Structures are given as C-alpha cells and as structure tokens.
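This report refers to the structure that appears directly beneath it.
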C-alpha cells in the first residue's frame, strides 16, 4: 500500500489491488491511530483519528478530491497511484 501523501505527522495511503472495495477512500495513519476516510464526502468510515487530524485530512481531501479520485481509478486497474501534494 503506497504512501500518496504525508503532512503534519499524518500518513495517507491507498491500496492498489484491483477492485478494492467501494466507496473510494484513503487510509490515514497518525501515531497509534488508523482510519479509512471516504474521498467523496470526507466522512470517517472506519477506525479512529483525533479530531484535529481528521479535520486536516478532510480539508486535504476537499482540496485534492479530483486527484484522489483519479488515483482511485488507477488503483481499481491495479496501477500504482501518483503522489498528491501535502497540506502546507
């Protein structure tokens, strides 16, 4: 599962196994926390994440949704996703 972005101690990854289950999502890691977050609406799907870091991830998803959805399509075809700009 490649890392597609890192910012403020948060690591964002995306599986690129063919036909990864929908809806489109990213896997986020921060210290001992891990979660799956929906790309379409930024909602926490599974796991736990501190509120501050979840809001940062949601803001990042809002900014880069088109790139993330393009990466999701690549992943659905078994191709490695591109890196996405981090929050600054």
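The values are calculated or read from the model by the stated rules, or taken from the named source; none is laboratory data. Given the structure is predicted, the values throughout are model-derived calculations rather than measurements. When we count neighbours, we look across all protein chains shown, and the Cβ atoms used for this are built from the backbone with ideal geometry, even at glycine.
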task = Mind telling me which of the residues 66, 71, 41 ends up being in a helix (DSSP H, G or I) and more than 11 Å from the chain's Cα centre (by Cα)?
result = 66
remark   = By residue number, the members of the range 44-55 that are in a strand (DSSP E or B) and closer than 19 Å to residue 66 by Cα are 44
Pick from the range 40-81, criterion in contact (Cβ under 8 Å) with a residue 12 or more places away in the chain and touching a strand residue (DSSP E or B) at 6+ places or on another chain (Cβ under 6 Å), ranking: surrounded by the most Cβ atoms within 10 Å (Cβ to Cβ) = 57
note = Restricting the range 2-38 to residues that are out of contact with any strand residue (DSSP E or B) (no Cβ under 6 Å at 6 or more places or on another chain), surrounded by 13 or more Cβ atoms within 10 Å (Cβ to Cβ) and not in a strand (DSSP E or B), the one modelled with the highest pLDDT turns out to be 8
